[in-house]
């Protein structure tokens, strides 16, 4: 007895067939992706380069054939690389008297020159200081102290020297009565008349300071007389010791002026006649000159 055995597979469900289809699709896509190559497309090559230039001086008309690109029209631009030139300034006309002012120098150059001068000056000072002889402290002599008495004595001596010195021919001829050489008699007579006028004025206007009982005071005065009789100078050569009396004597001379004009004979020898007299004020004799 023979028996037969047959295997019948179970039927495939709907879910199994879906998974099988997805697996097959994934395998196919993987094969396709592995066969493809991804690359960036290259740009097309340009056969001619474009040159661009900047225009500093635009032209009114456009050029017929432009070889460069620029923001403005420009004619005659060469191929050489040159720096653009600044526009030329107009020169002043011949009629205008104005002249072009030179450009001021840079402050840096002035500062450099000043520093150079200072450096040279410092070098010279150093050389002079080095060449100066060194004086020891012991060798220096103390300065003499000038007192009021010694100063007054020096002034009196200097005044006497000036008064006794003869004036040069180029200066105005000023002579004292005792130094007149040619016309001594005329000078002495003029001085006598001058004394009489001064004494008369002084006694009529006797100083109040000399009216005290027992008062006595003397002073020496030089009075210079011009050619027309006006006063040239008044100078107290020896004070009375009383300033009020000295001032009173000067006022008497001023009240007595003007004096008589100098004689023509004296003017041949001098321009100013100086009369030196001793004035005495006393309560007994009044004012006298000698």
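The values are calculated or read from the model by the stated rules, or taken from the named source; none is laboratory data. Given the structure is predicted, the values throughout are model-derived calculations rather than measurements. In this analysis, Cβ positions are derived from the backbone assuming ideal geometry, glycine residues included, and neighbour counts consider all displayed protein chains.
Condition first: farther than 14 Å from residue 231 by Cα and surrounded by 17 or more Cβ atoms within 10 Å (Cβ to Cβ). Now tell me which residues in the stretch 257-268 satisfy that. Give the steps one after another, and end with the answer.
First, the residues of the stretch 257-268 that are farther than 14 Å from residue 231 by Cα: 263-268.
Result: 266, single match.
For residue 209, are the conditions met, namely being surrounded by 15 or more Cβ atoms within 10 Å (Cβ to Cβ), at pLDDT below 95 and closer than 26 Å to residue 152 by Cβ? Write out each step before concluding.
Working: surrounded by 15 or more Cβ atoms within 10 Å (Cβ to Cβ): yes; at pLDDT below 95: yes; closer than 26 Å to residue 152 by Cβ: yes.
Yes: the conditions hold for residue 209.
Condition first: surrounded by 17 or more Cβ atoms within 10 Å (Cβ to Cβ) and touching a strand residue (DSSP E or B) at 6+ places or on another chain (Cβ under 7 Å). Now tell me which residues in the stretch 237-249 satisfy that. Give the steps one after another, and end with the answer.
First pass over the stretch 237-249, keeping only residues surrounded by 17 or more Cβ atoms within 10 Å (Cβ to Cβ): 240, 245-246, 248-249.
Those that are surrounded by 17 or more Cβ atoms within 10 Å (Cβ to Cβ) and touching a strand residue (DSSP E or B) at 6+ places or on another chain (Cβ under 7 Å): 240, 245, 246, 249.
Is it the case that some residue within the stretch 197-204 is out of contact with any helix residue (DSSP H, G or I) (no Cβ under 7 Å at 6 or more places or on another chain), surrounded by 12 or more Cβ atoms within 10 Å (Cβ to Cβ) and closer than 14 Å to residue 276 by Cβ?
If we filter the stretch 197-204 for residues that are out of contact with any helix residue (DSSP H, G or I) (no Cβ under 7 Å at 6 or more places or on another chain), which is where we start, we get 199-200, 203-204.
With the extra rule that they be surrounded by 12 or more Cβ atoms within 10 Å (Cβ to Cβ), the set shrinks to 199-200, 203.
Checking which are closer than 14 Å to residue 276 by Cβ leaves us with none.
Checked against the condition, which is being out of contact with any helix residue (DSSP H, G or I) (no Cβ under 7 Å at 6 or more places or on another chain), surrounded by 12 or more Cβ atoms within 10 Å (Cβ to Cβ) and closer than 14 Å to residue 276 by Cβ, the stretch 197-204 yields no hits at all.
Those residues that are part of a helix (DSSP H, G or I), at pLDDT 80 or above and within 20 Å of residue 275 (Cβ to Cβ), I need them from the stretch 157-187; list them, please.
Answer for the stretch 157-187, where residues must be part of a helix (DSSP H, G or I), at pLDDT 80 or above and within 20 Å of residue 275 (Cβ to Cβ): 177, 178, 179, 184, 185, 186, 187.
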